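Written below as structure tokens is the structure these notes are about.
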Amino acid sequence: MKSAVETLNPTRVRLTVEVPFEELKDSLDAAYKKINQQVTVKGFRKGKIPARVIDQRFGRGAVLEEAVNDALPKFYTEAINEAELNPLGQPEVDITELKDGETLNFTAEVDIRPTIEIPDYSGIEVTVDAVEVSDEDVEKSVEQLRERFASTSPVERAAEDGDVVTIDLQAKVDGEVLEDGVAEGVSYTIGSGELLEGIDDAVKGLEAGGEATFTSELKGGSAEGKEAEVTVKVTQVAARELPALDDDFAQLASEFDTLDELKADSRKRLENMKQYDQATQAQERVLDELLKLAEVPIPEKLLADEIQTRKHNLEHHQLGQMGIDLAKYLEIQGKTEEEFTAETEEQAVKGIKTQFILDELVNKEKLNVNQEELTEHLMRRAASSGMSPDQFAQAVVEGGQVPMLVGEVARGKALAVVVEAAKVTDTNGEVVDLEDDEDEVAEAVVAAAEGEPAEVVAEEKTEA
């Protein structure tokens, strides 16, 4: 076999392959054997039909077609390996010449990974938010905990903001009560905004037994989006009572004996959260600077496929779980379809660039992924997907997605190498040390940039 490579552009090549006919012998033998098992000829046992009879009865062309279909992948792979190319996606193959007993010639056009020069990233400098936790932040955190331990007790007075009311609802559209427009015994906290627009004003001032009518746009059900006349009847008013902020509350709500200890723990937790946010911010900003330094040509078909994949994941996973379609999502976001498409393309370009550059860095730095790192990454992905580690691992293995997870870990390590070489300072001018959990944060940033969270892959496998 002889092959030659023609570069069409930085991300696409055309292979021209010439195969002497004698190299098709194994595929021709396999073709005759396959046809032998599929057909019957009177006077011959199945599987024992001579080749000349098959040629006469079914045509030599059918045999050649079967043989060529069998041989093409092997010769294409040999040509790719000989040229040391990294193909992306499936090739477009065209048989240019097939002469029985003489030669097989074909061309194959395919996208390839572009050659990328890793830029000097040692001079990257980024600024991130400082880790600062104020007394107000701590008080807010403790107050949120206090809200969780609030109790309610019925009161004989008009409903006020913050009260919990038990209500019956009835919705009418065009004067007709909707089949799914009646609900009884609904518990609602006034001011929470969790039900219909206008309901807060309607129930405030009502005592148990009181009733009011208001109009509102329905948020769901058979008449979603329509204006409805809603009648609400209050059957009970309950006041929310917050526990006193003292040592007894600390013992009730935590493992601590005093309120001061609870506040100190809240401060530490907030600091840890802000440190993680700071690390994520640093990784993202360093990655953005790295992408600016490198020239990365993008294969057109790969980009188109990536855009389509991102749209599919949004519509069929995120929006599907929320119970809304793309049109409603765009309305909520205040975006046109053109703006959405432009943003998706921008994100797809960033994802592809991220993968290409960091993969090249993985090779350059000879970064490897060990079993422990892969297992830890899998555990994190399982937790974020809501699946058990065993379920998630099985879904990933059955879906053939283990290489994808290995790639995420490796690219996370590559980004961590770049961040380690960068100068990261906070808004106070202090140098930031990102050594703790640096690889873990980098993996999350890389996965987000690439737009291919592993939990989606596992979810697709589970649904299938």
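Results, tabulated for the structure shown:
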{"item": "The stretch 248-341 shape via C-alpha gyration tensor axes, a/c threshold 1.5", "result": "oblate"}
{"item": "Cα-derived Rg to Rh of the stretch 51-173, Kirkwood definition", "result": "1.52"}
{"item": "Residues of type lysines that Lys350 reaches as a straight line, Cα spacing below 22 Å, ignoring anything fewer than 8 places off in the same chain", "result": "Lys292, Lys301, Lys311, Lys335, Lys364, Lys413"}
{"item": "Exposure proxy ranking, count of Cβ atoms within 10 Å, fewest first, for Leu358, Leu72, Leu330", "result": "Leu330, Leu72, Leu358"}
{"item": "Kyte-Doolittle mean at least 1.0, axial Cα span of 24 Å or more - DSSP H helices of the chain", "result": "402-421"}
{"item": "Dipole magnitude of the stretch 151-241 about its Cα centre (Cβ charges: Lys, Arg +1; Asp, Glu -1), debye to nearest 20", "result": "180"}
{"item": "Measure of compaction for the chain (Cα Rg per 2.2 N^0.38 Å)", "result": "1.43"}
{"item": "Förster-model FRET efficiency, 25 Å R0, Val349 and Val397, C-beta, rounded to 0.05", "result": "0.20"}
{"item": "The chain - charge dipole about Cα centre, Lys and Arg +1 at Cβ, Asp and Glu -1, debye rounded to 20", "result": "3400"}
{"item": "Prolate/oblate/rounded call for the stretch 335-428, Cα gyration tensor, a/c under 1.5 rounded", "result": "oblate"}
{"item": "Per-residue Cβ neighbour rank within 10 angstrom, fewest leading, His317, His312, His377", "result": "His312, His317, His377"}
{"item": "Under 5 Å, built H, 5+ apart or other chain: amide partners of Val432", "result": "Val424, Thr425, Asp426"}
{"item": "Partner lysines for Lys99 [C-alpha distance under 28 Å; skip if fewer than 8 residues away on the same chain]", "result": "Lys2, Lys25, Lys33, Lys34, Lys48, Lys74"}
{"item": "Leading residue at positive end of dipole, the chain (Cβ point charges), from Val63, Val445, Ala264", "result": "Val63"}
{"item": "Length added when fully stretched, Asp120-Ala294, from 0.36 nm per residue minus Cα-Cα", "result": "61.7 nm"}
{"item": "Charge dipole magnitude, Cβ of K and R +1, D and E -1 - the stretch 259-463, Cα centre, debye nearest 20", "result": "100"}
{"item": "Cα gyration tensor of the stretch 259-463 - equivalent ellipsoid semi-axes, whole Å, descending", "result": "28, 23, 21"}
{"item": "Fully extended contour minus Cα-Cα distance, from Ala304 to Ser134, at 0.36 nm per residue", "result": "56.5 nm"}
{"item": "Most positive-pole-ward Cα, Ile124, Leu145, Thr107, against dipole of the stretch 10-146 from beta carbon charges", "result": "Thr107"}
{"item": "Burial ordering of Phe149, Phe44, Phe356, Phe392, fewest other beta-carbon atoms within 10 Å first", "result": "Phe149, Phe44, Phe356, Phe392"}
{"item": "Label-to-label distance, nm, for residues given as Gln90 and Lys46 (7 Å Cα→Cβ offset)", "result": "3.1"}
{"item": "Signed unit charges on C-beta, dipole axis of the chain, positive-most listed residue Gly191, Ile54, Ala202", "result": "Ile54"}
{"item": "log10 of Debye I(q)/I(0), alpha-carbon scatterers only, for the stretch 2-112 at 0.18 Å⁻¹", "result": "-0.86"}
{"item": "Extension reserve of the Val182-Asp161 stretch, reckoned as 0.36 nm per residue once the Cα distance is removed", "result": "5.1 nm"}
{"item": "Pairwise FRET efficiency - Gln321 versus Lys172, Cβ, R0 = 30 Å, nearest 0.05", "result": "0.45"}
{"item": "Sequence-distant lysines (8 or more away, or on other chains) whose Cα lies within less than 25 Å of Lys263", "result": "Lys140, Lys274"}
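Every read-out reported here was derived from the displayed coordinates using simple, explicitly stated rules and does not represent laboratory data. For clarity, every value in this text was computed on a predicted model and none was experimentally measured. Glycine gets a Cβ as well: all are built from the backbone with ideal geometry, and neighbour counts include every protein chain shown.
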